[in-house]
1. When the residues of the stretch 27-65 are filtered to those that are of a type outside the set (A, V, I, L, M), touching a Leu at 6+ places or on another chain (Cβ under 9 Å) and loosely packed, with under 11 Cβ neighbours inside 10 Å, which remaining residue is farthest from residue 12 (Cα to Cα)?
2. Are there any pairs, at least 6 apart or on different chains, whose C-beta atoms fall under 8 Å, with the first in the stretch 12-41 and closer than 23 Å to residue 59 by Cα and assigned to a loop (DSSP other than H, G, I, E, B) and the second β-branched (Val, Ile, Thr) and open to solvent by less than 60 Å² (accessible area, probe 1.4 Å), and if so, which?
3. Go through the stretch 1-20 and count every residue that is modelled with pLDDT of 80 or more, under 13 Å from the mean Cα position of the chain (by Cα) and surrounded by 11 or more Cβ atoms within 10 Å (Cβ to Cβ).
Amino acid sequence: MMQGTKADMVLSQPDTMDVSYSAVNEKIGAELAVMSEVESVTGMLQGLVQTESEPFFIVFGYPEKRPDNT
């Protein structure tokens, strides 16, 4: 599911049954970004909705300017 992000690591909330139910304070991203072994950090929003024709419709939101310029 996270393949489209090109992420090497996805951070999620502890004790959450699925990353899609997870919320992580964005201050954690700033703490990770200053670590020498971290190349870049970006946030992502994810929403799950149900439509008449699809039981699961997943919407992703990324910042307009991402570190990999994509």
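1. 56
2. 12/19; 22/16
3. Going through the stretch 1-20, the residues modelled with pLDDT of 80 or more turn out to be 11-18.
Still in the list and also under 13 Å from the mean Cα position of the chain (by Cα): 11-13, 18.
With surrounded by 11 or more Cβ atoms within 10 Å (Cβ to Cβ) added as a condition, the list becomes 11-13.
Residues flagged as modelled with pLDDT of 80 or more, under 13 Å from the mean Cα position of the chain (by Cα) and surrounded by 11 or more Cβ atoms within 10 Å (Cβ to Cβ) within the stretch 1-20 amount to 3.
The values are calculated or read from the model by the stated rules, or taken from the named source; none is laboratory data. Worth saying up front: this structure is predicted, and the values here are computed from it rather than measured. Every residue, glycine among them, receives a Cβ derived from its backbone with ideal geometry; neighbour counts consider all protein chains shown. Heads up: the accessible areas ignore ligands, DNA and RNA and are worked out on the full protein's heavy atoms, side chains in. Shrake-Rupley method; radii C 1.70, N 1.55, O 1.52, S 1.80 Å.
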